[in-house]
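**Student:** There's a structure below that I have some questions on.
The values are calculated or read from the model by the stated rules, or taken from the named source; none is laboratory data. Note that the coordinates shown come from a computational prediction; the quantities given were computed from them, not determined experimentally. Please note: Cβ atoms are built from the backbone with ideal geometry, for glycine as well, and neighbour counts cover all protein chains shown.
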Amino acid sequence: MKVSCLQENLIKGLSTVGRAVASRSTLPVLSNVLLSTDNGQLKLSATNLEIGINYWLGAKVEEEGSITVPARLLTDFVNSLPAERIDLNLDVETQTLNVRCARFKSNIKGIDSQEFPIVATAEDGASSLKLNPDSLRTMIEQVVFAAATDESRPILTGVLVQFNEDNLTMAAADGYRLSVKSAPLLKNAQDMTEVVIPARALTELARISADQEEPVEVIITPARKQILFRLSHVDLVSQLIEGKFPDYNQIIPDGHTTRSLIDTQGFLKAVRVAYLFARDSANIVKLEIIPGEDQPTDGQLSGGQIRLSANSAEIGDNASEVDAAIIGDSVEIAFNAKYMIDVLSIINAPQVAVETSVESAPGVIKPIGDDVFTHIIMPMHINR
């Protein structure tokens, strides 16, 4: 292999595929990045066997070939080089990659590319559709944080993705909260129903699609074992999680007795202050929702109040108030402050609605003006 490329292009590619490099593995080759020539381009590949990333960058290819080298070493070395041309030459007999740039040169010992697992590409006959990249990133941002990190129930560490002809819905839950978001498809989903994608894979997809302007193509393999996201110069492939995702519709309350309309940023600030005192007491923040004497008018965030309180036997207590337009009954309910911060932080709408009924029933949080996003948060016990 004999290839030349620009330092800035190579470091961008290495930083992209580096997200899929295995940090701990019994297979040394999984700590490496695969460099190979592909149709006049340099292809970089990395995988941890759960997700894999392929990245293509423009290069001058004089000789075909492939090699795997330690990802961290190569990335750190290339990052330290000047923004000039880099020459990559492979000594096949010793499996050593010679890297030259300006006055810098190095020889990096590699592992034969034949030992590197194949990072899948699209298969013939695979079902595919296209998604708007901005909508996709927003969906991931508003859903993935609610997925479980505890591996005791693997199915909950993933995000349920449902394809309904011209609509896509994502849902994630960890047993304490649920996020559901829908968006239209650019192409009708044919022969697709639902899959469960690891939350980490979607997090990486959102990150690498930050500059994507063209639609993202989604391909599910015929065996329904993997899903592939195709971007302009990048492919991300992920294993799918097997199993039945719980019916999240059973968690969503049928109705409410109280609806509070609140300024999103003001509410978030009050919850963050309360969290400082709630951290030592299971993150419990109590909300006392008090309607005003008169029913609020449209757009009026006054007439009612939400009193937030948190206390710790060791450090003290905190109380604050936020104005709200409240329709319904008075109610006292407690939530996990961290969970509330998580959801309020990803809501872009200026106003948010909090729907409650009794202290033992889940609360529903919805952005005003966004009827395709719903967040459910389970209540916590209030000590009287």
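**Student:** Only one of these is touching a helix residue (DSSP H, G or I) at 6+ places or on another chain (Cβ under 7 Å), part of a strand (DSSP E or B) and either at pLDDT 95 or above or at negative phi (or both): Leu344, Leu287, Leu308. Name it.
**Tutor:** Leu308
**Student:** Further question on the same structure: Quick check on my filter: what residues within region 220-247 are aliphatic (A, V, I, L, M) and modelled with pLDDT of 90 or more?
**Tutor:** Within region 220-247, Ile227, Leu228, Leu231, Val234, Leu236, Val237, Leu240, Ile241 meet the criteria.
**Student:** Mind telling me which of the residues Ala172, Ala223, Ala201 ends up being under 13 Å from the mean Cα position of the chain (by Cα), of a type in the set (A, V, I, L, M, F, W, C) and not in a strand (DSSP E or B)?
**Tutor:** After ruling out the rest, the residue left standing is Ala201.
**Student:** While we're on this one: From Thr47, Thr68, Thr37, which residue is crowded, with 21+ Cβ neighbours inside 10 Å, in contact with a strand residue (DSSP E or B) (Cβ under 7 Å, 6 or more places away or on another chain) and either within 26 Å of Ala210 (Cβ to Cβ) or of a type in the set (Ser, Thr, Tyr) (or both)?
**Tutor:** Testing whether each residue is crowded, with 21+ Cβ neighbours inside 10 Å, in contact with a strand residue (DSSP E or B) (Cβ under 7 Å, 6 or more places away or on another chain) and either within 26 Å of Ala210 (Cβ to Cβ) or of a type in the set (Ser, Thr, Tyr) (or both) leaves just Thr68.
**Student:** Further question on the same structure: Residue check: is Ala206 among the aliphatic types (A, V, I, L, M) and modelled with pLDDT under 90?
**Tutor:** No; evaluated as a whole, the condition is false for this residue.
**Student:** Strands (runs of 3 or more DSSP E) wholly in region 58-135 with at least 1 residues that are touching a residue at least 60 places away in the same chain (Cβ under 8 Å) - which ones?
**Tutor:** Once the strands (runs of 3 or more DSSP E) in region 58-135 are filtered for at least 1 residues that are touching a residue at least 60 places away in the same chain (Cβ under 8 Å), what remains is 60-63, 66-70, 85-91, 96-101, 127-131.
**Student:** Among the residues of region 278-294, what is the count of those that are over 28 Å from the mean Cα position of the chain (by Cα) and buried (at least 20 other Cβ atoms within 10 Å of the Cβ)?
**Tutor:** 4
**Student:** On to the next question. Could we say that Gly158 is at positive phi, within 22 Å of the chain's Cα centre (by Cα) and modelled with pLDDT of 90 or more here?
**Tutor:** no
**Student:** Cβ-Cβ under 8 Å, sequence separation 6+ or interchain: first residue in region 136-158 and assigned to a helix (DSSP H, G or I), partner basic (Lys, Arg). Which pairs?
**Tutor:** Thr138/Lys181; Met139/Lys181; Gln142/Lys181; Val143/Lys181; Ala146/Arg177; Ile155/Lys244
Let's see how each residue does on (1) buried (at least 17 other Cβ atoms within 10 Å of the Cβ); (2) of a type in the set (D, E, K, R); (3) touching a His at 6+ places or on another chain (Cβ under 8 Å); (4) closer than 30 Å to His381 by Cα:
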residue	(1), (2), (3), (4)
Asp134	no, yes, no, no
Thr149	no, no, no, yes
Leu168	yes, no, no, no
Lys181	yes, yes, no, yes
Asp211	no, yes, no, no
Val216	yes, no, no, no
